[in-house]
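Okay, structure first, notes after.
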Amino acid sequence: MSATLFRLIARLYLGLFALALLGVVLVYLVADFGDRLNVFLNHTVADVAELYWYKSLMTLHQLSPAAMLLAAGATASVLRQRAEWTAMQALGASRWTVVAPVLVSAGVVAAGLMAFDEAVVTKAGERVDGLMVNRFGRWGDYGFFYFPKQWFRVGSDIVHVRGESEPSGRLRDVTVYRLRPGFQLSARVDADALESRGGDLWALFDAVERRFAEDGTSTLERSAELLMSLAGSDPQTFRIRQGRPEQMPLADLRTQQVIRAKVGLPVERFLLAMHNRFAYPLTGVAAALLALSLALRPARRGHLTLALIEGLLVSLALFAFMLMGKALVLGEHVSPGFAAWAPVVGLVVLGGGLWAVSEGQLRPRARR
């Protein structure tokens, strides 16, 4: 393959990708604005513009795989309509002449999406949540992700945190339940604050401790500062970062998985977010392969409209499958890694199968 032809097809694909991405993003944002119009009526244009600026950054990332799919099918259709694909075949070109530059370009776009997600989308998503709550008074599921996670299992003890965490790491409005073997309550300590003293040692301020004997009697003691050892803990144990896992940098995702696993909090959503940081952009590459396999099949005509319809149908099926996978992960029915990478593998297998059929490598066996 000549370098000139490679660059020509790559430029065509990237141009169609930019056009497709702009189109789907505009359609999404206009539909979203119309759906929320009553929310924005009493607010300034500046507030709405700031909200949709950050939303547009998020939407660019979310819809890029669909745009990669649409652009791949459109590239093959444009080459067919211009009779360029016929001319290439007459000169002995194979499907790789079109597929290679498209997949290389899609791979570059996918790598850019990973970096864009890490550097931009994580901050934009958190900003959108804050604007919706603080300026527009719409909470949605904000409380689920941003309010403190209240129950922690540390060794044989259970810690209940009702207040906010301070930047220093001090926790407010805390109750510690100390359990003896058999899951029987041996003591309950209510405190205004909990703070690390290094290792597994913690200080509880303005503490009220109730001890429960096995015979049913109890005692009560008040302390301005009570030192307590929580076996298996360390100063980072309660450093639970609030927010959506999808909006956290990779370093925070890894740290939160370790911390949450120690205190008995679910980590499936965080594992899924980490896998999707890489799998989601690569879904666009695999989808581009499927689109090319559909668009370059021998019996197909080069209609751009047909390519767009095929791309939209595949996109809808793909997003439905990904939502179903997320639900299965949160229900602990499948592993996060399987749910994240199954769409990529499925698209590659389907695209490769169609390719093999078109090349005559897979043919149905004749009936005897």
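In segment 134-149, the residue that is nearest to T44 (Cα to Cα) out of those that are surrounded by 14 or more Cβ atoms within 10 Å (Cβ to Cβ) and at pLDDT below 80 is Y142.
When segment 277-318 is limited to residues that are charged (D, E, K, R) and more than 30 Å from Q247 (Cβ to Cβ), the one that is surrounded by the fewest Cβ atoms within 10 Å (Cβ to Cβ) turns out to be R301. Any residue that is over 28 Å from the mean Cα position of the chain (by Cα), of a type in the set (F, W, Y) and in the same structural domain as V285 (by TED's automatic domain parsing) - is there at least one of those in segment 99-122? Looking through segment 99-122, none of the residues is over 28 Å from the mean Cα position of the chain (by Cα), of a type in the set (F, W, Y) and in the same structural domain as V285 (by TED's automatic domain parsing). All of M274, M324 fail the test of being more than 24 Å from A115 (Cα to Cα) and either of a type in the set (S, T, Y) or assigned to a helix (DSSP H, G or I) (or both), apart from M324. For segment 235-244, the condition of being hydrophobic (A, V, I, L, M, F, W, C) and in a helix (DSSP H, G or I) holds for none of the residues. Residues in segment 23-48 that are under 25 Å from the mean Cα position of the chain (by Cα) and exposed (fewer than 13 other Cβ atoms within 10 Å of the Cβ): L26, V27, V30, A31, D35. Applying the condition of being of a type outside the set (A, V, I, L, M, F, W, C) and assigned to a loop (DSSP other than H, G, I, E, B) to segment 277-305 and asking which residue is modelled with the lowest pLDDT yields G302.
Across segment 89-109, the number of residues qualifying as part of a helix (DSSP H, G or I) and touching a residue at least 60 places away in the same chain (Cβ under 8 Å) comes to 13.
The values are calculated or read from the model by the stated rules, or taken from the named source; none is laboratory data. Predicted model, so just to flag it, every value in this text is computed and none were measured. Neighbour counts are summed over all protein chains in view; Cβ atoms, including those assigned to glycine, are modelled from backbone coordinates with ideal geometry.
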